[in-house]
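The values are calculated or read from the model by the stated rules, or taken from the named source; none is laboratory data. This is a predicted model, so every value here is computed, not measured. Backbone-built Cβ (ideal geometry, glycine too); neighbour counts: all protein chains shown.
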Amino acid sequence: MDGILNINKPSGKTSFSMVALVRRLSGERRVGHAGTLDPEACGVLPVCLGQGTRVIEFLLGWSKVYRAEIELGVATDTYDATGKIIRQADPSRISRRQFETALGSFCGLIQQMPPMYSALKYRGQRLYELARAGIAVSRESRQVAIYQLKLIDFKLPLVTIEVECGRGTYIRSLAHNLGELLGCGAHLKSLVRSRYGPFDIKDAVSPLQLENAFSYNSWQDLVYPMDTVLSHWAAVVVSEEQEPVLRNGGPLVLGDAPDGTGFEGRCRAYSRDGCFLAVLSFNPESGQWRPEKVFV
């Protein structure tokens with residue numbers, strides 16, 4: 001069971017509960033997800049099985065698309081609808097144009113402060129554990145990438161936006177920061193992840209569909225090959241003589257390979273019969289390709 005499932009996580013369930021479900025249904029011990037969704041959020045959650053767990057680090061580099069409903073005029077301590085109201089103001093004075101101007105200021109590479117109610121750690125403890133104990137600690141802002149922001153609907157006090165962003169972006173923080181910039185406060189009312197890299201919500205399966213697929217032994221039709229997340233990399237085919245060298249971790253000189261400058265100097269390696277063998281990384285000093293990850 002090596003591959004990836006595109007699961008549509010429902011609201012009210014944790015990301016880990018989806019991992020536990022897949023582990024129970026499949027009997028596979030090695031199961032992990034890429035990119036946590038908050039319990040109240042829903043949408044695309046890639047869950048990797050078997051050797052598929054070894055490509056999670058590469059999946060994390062893909063962009064994600066969210067549809068977020070934001071309520072203006074109400075700020076909460078968690079930055080979402082589950083939190084305690086800490087501020088209220090009348091947002092009726094805000095025009096569509098004002099909101100679009102404020103929204104545009106968050107596009108690009110920005111500095112973002114992670115919320116206290118998050119799974120990040122501070123001296124070994126989760127921030128949300130400290131927050132629940134009434135302890136606030138200083139956090140460092142970090143750079144995140146927001147590639148695209150679209151206003152989908154504007155019906156005060158609710159606005160709906162679509163966000164395409166990179167790794168580590170908190171949509172809750174974006175909602176909170178929008179409210180602060182507009183001067184009325186805001187929080188994230190609901191969130192749907194509609195796309196994560198090559199995985200789209202229209203192709204995602206619900207937990208019930210997944211259970212039925214395992215019951216009728218058709219679950220194999222739902223598993224994506226693990227190299228799906230590497231499809232934007234160049235691919236090379238190794239010879240029969242090179243294959244055992246690669247499998248044993250030896251470096252290769254590949255005349256037909258890319259020059260090693262793209263995609264952080266990595267490519268996919270396949271056998272002559274189309275079997276995905278390894279992730280190769282390029283050593284510019286030796287001109288050789290080294291097996292970074294070899295798949296059995």
Residues that are among the hydroxyl-bearing types (Ser, Thr, Tyr), without any contact (Cβ under 8 Å) to a residue 60 or more places away in the chain, assigned to a loop (DSSP other than H, G, I, E, B) and over 21 Å from residue 36 (Cβ atoms): does region 93-115 have at least one? yes
Just the residues that are touching a residue at least 60 places away in the same chain (Cβ under 8 Å), part of a loop (DSSP other than H, G, I, E, B) and in contact with a helix residue (DSSP H, G or I) (Cβ under 8 Å, 6 or more places away or on another chain), please, taken from region 187-234. 197, 198
Any idea which of (1) in contact with a Phe, Trp or Tyr (Cβ under 9 Å, 6 or more places away or on another chain); (2) assigned by TED's automatic domain parsing to the domain that holds residue 117 is the one residue 74 doesn't satisfy? (1)
Could you figure out which of (1) out of contact with any strand residue (DSSP E or B) (no Cβ under 6 Å at 6 or more places or on another chain); (2) at positive phi isn't true of residue 43? (1)
Taking the stated definitions as given, is residue 150 outside the structural domain of residue 40 (by TED's automatic domain parsing), of a type in the set (Lys, Arg), within 22 Å of the chain's Cα centre (by Cα) and surrounded by fewer than 16 Cβ atoms within 10 Å (Cβ to Cβ)? yes
Determine the pairs where a residue that is farther than 19 Å from residue 168 by Cα, located within region 45-57, has a partner that is in a strand (DSSP E or B) and among the charged types (D, E, K, R) with Cβ atoms under 6 Å apart, the partner being 6 or more residues away or on another chain. 54/293
Being surrounded by 22 or more Cβ atoms within 10 Å (Cβ to Cβ) and in a loop (DSSP other than H, G, I, E, B): is that true of residue 37 here? yes
Output for region 116-169, where each listed residue is in a strand (DSSP E or B) and in contact with a Cys (Cβ under 9 Å, 6 or more places away or on another chain): 144, 145, 146, 147, 148, 149
Return a yes/no flag: does region 12-27 have any residue that is closer than 24 Å to residue 68 by Cα, in a helix (DSSP H, G or I), outside the structural domain of residue 163 (by TED's automatic domain parsing) and more than 16 Å from the chain's Cα centre (by Cα). yes
Could you list, in sequence order, all residues of region 96-146 that are surrounded by 11 or more Cβ atoms within 10 Å (Cβ to Cβ) and among the charged types (D, E, K, R)? 96, 100, 121, 126, 129, 132, 139, 142
Scope region 61-86; condition over 25 Å from residue 197 (Cβ atoms), of a type in the set (Asp, Glu) and modelled with pLDDT of 95 or more; matching residues: 71
Being assigned to a helix (DSSP H, G or I) and either modelled with pLDDT under 95 or of a type in the set (A, V, I, L, M, F, W, C) (or both): is that true of residue 181 here? yes
Quick one: would you say residue 36 is at pLDDT below 95, outside the structural domain of residue 81 (by TED's automatic domain parsing) and among the polar types (S, T, N, Q)? yes
Has region 271-279 got any residue that is assigned to a loop (DSSP other than H, G, I, E, B) and either touching a helix residue (DSSP H, G or I) at 6+ places or on another chain (Cβ under 7 Å) or closer than 16 Å to residue 6 by Cα (or both)? yes
Picked from region 87-137 (must be modelled with pLDDT under 80 and among the hydroxyl-bearing types (Ser, Thr, Tyr)), the residue farthest from residue 182 (Cα to Cα) is 122
